[in-house]
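The values are calculated or read from the model by the stated rules, or taken from the named source; none is laboratory data. Treat the numbers as computed from the prediction; the structure is a model and nothing was measured. Neighbour counts run over all protein chains shown; Cβ positions are idealised from the backbone, glycine included.
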Amino acid sequence: MKQNHKVKGICLLVLACLFLTACTSQKTKTTASTSFSSSEEEHHLLIAAAASLESVMEKQIIPAFEKNNHGTTVEGNYDSSGKLQTQIEKGLEADIFFSAATKQMDALVSQNLVDQKSVVPLLQNQLVMIVPSSSDADWKEFSDLKKAETVAIGDPASVPAGQYAEKGLKALGLWEEVKAHASFGTNVTEVLNWVAEGSAQAGLVYATDAASTDKVKVVAVLPEDTLNDPIIYPIGLVEKSKEKAIAEDFITFLQSKEVAKYFEDTGFIMNK
């Protein structure tokens, strides 16, 4: 009888040990699982960027950044810089503003909506005169715009490319005459499409936009001396961003040699 009690006691002791071992193992697995989940924390960036940046951002830069930063997704919101400025002023929850001109960036900095210390004058671009690839018009200079029935230009009220066009054409003494038969687009992509489709006989866009399609051809480049300053694309951190650390990483990434090649292959000039 005593022998049976002894055996039962040993069995109970073994079962208790097994139970404690199982609990400890489960706790270790749970801790490891929690640790792994925290290391894979997800981030989401919203970038308000000029329409002329859409192609290079979507095809090359964003995929490259997401590949190097697992758990991070980057979304681009593309339009004219003036419209993006207004959206940010009205509360757009963007993390980064990438403008096609310093005017809109300076306006947001002055309202403490973009961190001034974060702003980098990253790129340069050129304004060019384009015509449909199928056009047989022998146009070689900006004065030939007077011959076009319709000239596509970005709306100077909100589109930096349109503001540069107005300034350049005024310097050349052509603005009033060209404006009389101009069709104003809401952003530079729309202007490009009008010329590509043939609904406008000529247009003024950035060199990078003209290089993005074989449906248009460049016939003239706006002389640099018609603008007081080069066409600069600044990028900066939106003050209300909830993802400032990863947004700063993205801005740093855009200044790397890898991304410089993407920009330069598209026709942009890195601003030294």
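General remarks:
- Residue within the stretch 117-135 that is closer than 30 Å to Glu89 by Cα and free of Cβ contacts under 8 Å to residues at least 60 places away in the same chain present: yes
- Per the conditions (1) in a strand (DSSP E or B); (2) surrounded by fewer than 19 Cβ atoms within 10 Å (Cβ to Cβ); (3) of a type outside the set (Asp, Glu), the sole criterion not satisfied by Ala220 is (2).
- All positions within the stretch 168-190 that are part of a helix (DSSP H, G or I) and in contact with a helix residue (DSSP H, G or I) (Cβ under 7 Å, 6 or more places away or on another chain): Gly168, Leu169, Ala171, Trp175, Glu177, Val178, Val188, Thr189
- In the stretch 179-217, of all residues being within 24 Å of the chain's Cα centre (by Cα) and of a type in the set (Ser, Thr, Tyr), the one that is surrounded by the most Cβ atoms within 10 Å (Cβ to Cβ) corresponds to Tyr206.
- Against the list (1) more than 15 Å from Leu237 (Cα to Cα); (2) modelled with pLDDT of 95 or more; (3) over 14 Å from the mean Cα position of the chain (by Cα), the condition Gln60 fails is (3).
- Annotation for the stretch 113-123: at least one member residue is surrounded by fewer than 22 Cβ atoms within 10 Å (Cβ to Cβ), more than 17 Å from Lys244 (Cα to Cα) and of a type outside the set (Ser, Thr, Tyr).
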